[in-house]
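This report concerns only the one structure given below.
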């Protein structure tokens, strides 16, 4: 296969699937391209990137005190650079190393190969790949935003309720074999704020957002004590505001779900535990979806439960396990909590799952 032909095939497929990018960053600071498996720093042009690189390299040649002073002076640009990189590289990691991600890669490369070879008998692979990419995020019309007092939305904790819907087929009809779970968030006045599907995108963002926050928290060590206190307060406010920002809800819906189910009231712990469960669900072998013990409240789903199991939907697995997870006690380790959660959901322990993976 020639390099130019391969590139042309990729570009054509990207053009037809451009609106379904499953790893696009909302603020276009950075992004991950699932076709090329490349991380892109959208906020940096070539000149800015080279200057940033030169600054990093010059800092390594200074003595310890000078290095620390330089790090403090460049704290903001460095933190932005590293946190953005880590966020997007976490998407790359999920896409290339989880069972769910590798299944996506197989579909993508089968589609590229079908277009490159121009074999009409294999063109169905392009439709399958695009369909799965759409399902990973779910189109924007599955998300509903409601007109409410935006000031109240951002300053008070949300209430929530869960629901279930069906995807539309290419003929515009609801598909009973393609159900999905969604969350509706409400403000303190019981007004609907936003309805967001519980897609695979929500799970990958749980992982990437935690990784980003870890970098930002670790970067505080670069600052002097006074600056650290100010920046720490600013960071805590940023994290809290992001949790209740309707425009960023896809980044936090998994964390909200877990915190609501387990009673976690510490924000970073909620992100840590939701990321751990998200990683597990992205790696859950297909055969184990039929072993999931479904809570009684899911009985209203009827045949849709079986459809979600047949789809091996990681979002459904997360939702099901989270609803049956034990309350988080003080000093409970992530591993201990996961083991108890798996037992409650009728699944084998971590070691058995790891061997299956």
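Numbers below:
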{"item": "Candidate set from segment 285-297 (those that are touching a helix residue (DSSP H, G or I) at 6+ places or on another chain (Cβ under 6 Å) and within 15 Å of residue 325 (Cβ to Cβ)); member that is modelled with the highest pLDDT", "result": "292"}
{"item": "Output for segment 316-344, where each listed residue is out of contact with any helix residue (DSSP H, G or I) (no Cβ under 6 Å at 6 or more places or on another chain) and either closer than 23 Å to residue 250 by Cβ or outside the structural domain of residue 259 (by TED's automatic domain parsing) (or both)", "result": "319, 320"}
{"item": "Selected residue (criterion: nearest to residue 276 (Cα to Cα)) from residues of segment 345-357 that are touching a helix residue (DSSP H, G or I) at 6+ places or on another chain (Cβ under 8 Å) and surrounded by fewer than 20 Cβ atoms within 10 Å (Cβ to Cβ)", "result": "350"}
{"item": "Residue 183 vs. criteria in a strand (DSSP E or B), touching a helix residue (DSSP H, G or I) at 6+ places or on another chain (Cβ under 9 Å) and under 13 Å from residue 253 (Cα atoms)", "result": "yes"}
{"item": "Test for residue 264: is it surrounded by 15 or more Cβ atoms within 10 Å (Cβ to Cβ) and outside any helix (DSSP H, G or I)", "result": "yes"}
{"item": "Only one of 146, 141 that is under 20 Å from the mean Cα position of the chain (by Cα) and either farther than 30 Å from residue 263 by Cβ or at pLDDT 85 or above (or both)", "result": "141"}
{"item": "Near pairs, Cβ below 7 angstrom, 6+ apart or cross-chain, from segment 238-261 (under 22 Å from residue 148 (Cα atoms)) to any residue that is outside any helix (DSSP H, G or I) and at pLDDT below 85", "result": "244/158; 247/26; 248/26"}
{"item": "Residue pairs meeting the criteria (Cβ under 8 Å; at least 6 apart or on separate chains; first within 12 Å of residue 198 (Cβ to Cβ), in segment 305-333; second loosely packed, with under 15 Cβ neighbours inside 10 Å)", "result": "320/293; 320/295; 323/295; 323/297"}
{"item": "Residue identified as under 19 Å from the mean Cα position of the chain (by Cα) and at pLDDT 90 or above among 104, 118, 37", "result": "104"}
{"item": "Condition check for residue 210: in the same structural domain as residue 238 (by TED's automatic domain parsing) and either surrounded by 23 or more Cβ atoms within 10 Å (Cβ to Cβ) or touching a helix residue (DSSP H, G or I) at 6+ places or on another chain (Cβ under 7 Å) (or both)", "result": "yes"}
{"item": "Single match in 237, 218 (criterion: part of a helix (DSSP H, G or I) and either surrounded by 14 or more Cβ atoms within 10 Å (Cβ to Cβ) or at pLDDT 90 or above (or both))", "result": "218"}
{"item": "Residue check, residue 280 touching a residue at least 60 places away in the same chain (Cβ under 8 Å), out of contact with any strand residue (DSSP E or B) (no Cβ under 7 Å at 6 or more places or on another chain) and under 25 Å from residue 137 (Cα atoms)", "result": "yes"}
{"item": "Subset of segment 115-146 (residues that are under 29 Å from residue 208 (Cα atoms) and either touching a strand residue (DSSP E or B) at 6+ places or on another chain (Cβ under 6 Å) or not in a helix (DSSP H, G or I) (or both))", "result": "138, 139, 142, 143, 144, 145, 146"}
{"item": "Unique match (being at pLDDT 90 or above and in contact with a strand residue (DSSP E or B) (Cβ under 8 Å, 6 or more places away or on another chain)) among 230, 184, 249", "result": "184"}
{"item": "Any hit, segment 285-308, residues being in a helix (DSSP H, G or I) and crowded, with 23+ Cβ neighbours inside 10 Å", "result": "yes"}
{"item": "Candidates 195, 178, filtered to the one that is assigned to a strand (DSSP E or B), closer than 28 Å to residue 96 by Cβ and in contact (Cβ under 8 Å) with a residue 40 or more places away in the chain", "result": "178"}
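Yes or no, residue by residue, for (1) modelled with pLDDT of 75 or more; (2) assigned to a helix (DSSP H, G or I); (3) farther than 23 Å from residue 280 by Cα; (4) touching a strand residue (DSSP E or B) at 6+ places or on another chain (Cβ under 9 Å):
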| position | (1), (2), (3), (4) |
| --- | --- |
| 27 | no, no, yes, no |
| 47 | yes, yes, yes, no |
| 70 | no, yes, yes, no |
| 77 | yes, yes, yes, no |
| 86 | yes, yes, no, no |
| 93 | yes, yes, no, no |
| 113 | yes, yes, yes, no |
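The values are calculated or read from the model by the stated rules, or taken from the named source; none is laboratory data. For clarity, every value in this text was computed on a predicted model and none was experimentally measured. Glycine also receives a Cβ, built like all others from the backbone with ideal geometry; neighbour counts cover every protein chain displayed.
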